[in-house]
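Working notes for the structure below.
The values are calculated or read from the model by the stated rules, or taken from the named source; none is laboratory data. What you see is a predicted model, and the numbers here were worked out from it, not measured in a lab. Because the Cβ atoms are built from the backbone with ideal geometry, glycine has one as well, and the counts that use them run over all protein chains shown.
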Amino acid sequence: MGEMEALRKEADNLKDQITEARKVVQDTTLQEAVAGTALVGRVQLKTRKTLRGHLAKIYAMHWGTDTKFCVSASQDGKLIVWDTLTTNKVNAIPLKSSWVMTCAYAPSGNMVACGGLDNMCSIYNLKGKDGNVKVMRELAAHTGYLSCCRFLSDSEIITSSGDCTCVLWDIETGTEKTIFAGHLGDCMSLAVSPDFKMFISGACDFTAKLWDIREATCRQTFSGHESDINAIGFFPNGNAVITGSDDATCKLYDLRADQELVTYQDSGIMCGVTSLAPSLSGRLLLAGYDDFNVNIWDMLKAERVGVLAGHDNRVSCIGVSSDGMACCTGSWDSFLKIWN
Amino acid sequence: MAKMSGSSNLVAMKKVVQQLRFEASINRVKVSQAAADLQQFCMQNALQDPLLTGTHRTDQPQHYLAFILMLQGKS
């Protein structure tokens, strides 16, 4: 038992070392650094399109890289690919399991993926020869629900799960290439860095972890939230991470300074954050909450500069198109809305 | 059986310590530098951010003008 005791002491010492090292580089705060910058003017976005068709709660949506199409997943057991300009349904894919919690669009536009309480990630080929959309692969190995998935390419996808791990899969063979273990609670969300070399995960252990995909290591761990992290995203230049939590706040963590820079909170907001997306320049943070609204934050000044109110139930997912032109929100009210 | 679980706990703890050592060893940039770089990125890309400028919305020309004035004044 002596060795265990020594290891525990070493762990505590290392945690103190990390706290100290973070303090050493904290020569200022983000608030002080941007004190001379004006607050962004009030941002008022309008609903331009409403995508109607799902018959139950929408749990996830993801934009395609061509910015015209997006995919949504609902517990009505359907994955729908939408043409957001015409509001037409390009594909309505029936799922084997209706308990879907996530969906993703491949960067190529050739595939979509989804998963949920079936513990699997199902890959669908949108460009099959006969025009029918079929299941291409069923990635099964997680021992918990699939909370999020994101394609790296047509041959690789990363998943996060309620079994506390994230996995990098080879879609071709349907096998696990790398298992990223370390979180002490359900992994709820993941996001891939703009250069596709890293990804971040947010979990029910209240931490966010930065992972090196090829080295298969956890590089950094960020704490501070007081409850489950439900949503996570990269700042557009890949140097910072934004998290959204059940503790009603969002936080910005800088990767190079290895610490939290600011918390986005308001005494009037007392419900959990479900989803988030930064605008193209990173200046705006759009975050969906349990109170049916989306709050728009000035990311540098940490103040609310707008609200998107239009859904009749929880906003469960949000995304900004890759050209930055539009924001899409999905809700438990079964509708998706396109705003700009 | 107690010995078995003891040694697997030891293995797990060694991994935790190894991971902490790794995380402690990274180089850190000053917050002033990190903040400046974030701000610079926002500024450099502001005009290309349609949700921010609202340039593609024909119903709010005043918003765009105010935005341009804000950028020029930098106050």
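Got a sec? Which of A:L286, A:L280 is within 16 Å of the chain's Cα centre (by Cα), hydrophobic (A, V, I, L, M, F, W, C) and not in a strand (DSSP E or B)?
Result of the check over A:L286, A:L280: A:L280.
Of the residues in the range A:256-282, how many are over 22 Å from A:F222 (Cα atoms) and surrounded by 18 or more Cβ atoms within 10 Å (Cβ to Cβ)?
Here the count works out to 4.
Residues that are within 14 Å of another protein chain (Cβ to nearest Cβ) and surrounded by 22 or more Cβ atoms within 10 Å (Cβ to Cβ), at least 3 per element: which strands (runs of 3 or more DSSP E) completely within the range A:147-250 meet that?
Once the strands (runs of 3 or more DSSP E) in the range A:147-250 are filtered for at least 3 residues that are within 14 Å of another protein chain (Cβ to nearest Cβ) and surrounded by 22 or more Cβ atoms within 10 Å (Cβ to Cβ), what remains is A:208-212, A:240-245.
Counting just the residues of the range A:33-52 that are without any contact (Cβ under 8 Å) to a residue 24 or more places away in the chain and at the interface with chain B (Cβ under 8 Å from one of its Cβ atoms), which one comes out surrounded by the fewest Cβ atoms within 10 Å (Cβ to Cβ)?
Result: A:G36.
Among the listed residues A:G41, A:G64, A:G77, A:G36, which satisfies the condition of being of a type outside the set (D, E) and under 19 Å from the mean Cα position of the chain (by Cα)?
The match here is A:G64.
Given the condition more than 14 Å from chain B (Cβ to nearest Cβ) and without any contact (Cβ under 8 Å) to a residue 40 or more places away in the chain, answer yes or no: does some residue in the range A:4-18 qualify?
no
Do we have A:W82 as within 14 Å of another protein chain (Cβ to nearest Cβ) and in contact (Cβ under 8 Å) with a residue 24 or more places away in the chain here?
no
I need the full set of residues from the range A:300-332 which are more than 13 Å from A:K46 (Cα to Cα), outside any strand (DSSP E or B) and in contact with a Phe, Trp or Tyr (Cβ under 8 Å, 6 or more places away or on another chain), in order please.
A:A302, A:D312, A:N313, A:R314, A:S321, A:S322
Here is a yes/no grid of residues against (1) farther than 23 Å from A:V167 by Cβ; (2) assigned to a strand (DSSP E or B):
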{"residue": "A:W82", "(1), (2)": "yes, yes"}
{"residue": "A:T86", "(1), (2)": "yes, no"}
{"residue": "A:A92", "(1), (2)": "yes, yes"}
{"residue": "A:A104", "(1), (2)": "no, yes"}
{"residue": "A:G115", "(1), (2)": "no, yes"}
{"residue": "A:D118", "(1), (2)": "no, no"}
{"residue": "A:K127", "(1), (2)": "yes, no"}
{"residue": "A:N132", "(1), (2)": "yes, no"}
{"residue": "A:E138", "(1), (2)": "no, yes"}
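From A:G41, A:G53, A:G36, which residue is touching a Phe, Trp or Tyr at 6+ places or on another chain (Cβ under 7 Å) and not in a helix (DSSP H, G or I)?
Within the list A:G41, A:G53, A:G36, the selection yields A:G41.
Would you pick out the residues in the range A:17-32 that are among the acidic types (D, E) and exposed (fewer than 13 other Cβ atoms within 10 Å of the Cβ)?
Listed by number, the residues that qualify are A:E20, A:E32.
Going residue by residue through the range A:74-83, is there one that turns out to be surrounded by fewer than 17 Cβ atoms within 10 Å (Cβ to Cβ), at pLDDT 95 or above and not charged (D, E, K, R)?
no
For the range A:308-327, what are the residues that are hydroxyl-bearing (S, T, Y) and crowded, with 23+ Cβ neighbours inside 10 Å?
Across the range A:308-327, the qualifying residues are A:S316, A:S321.
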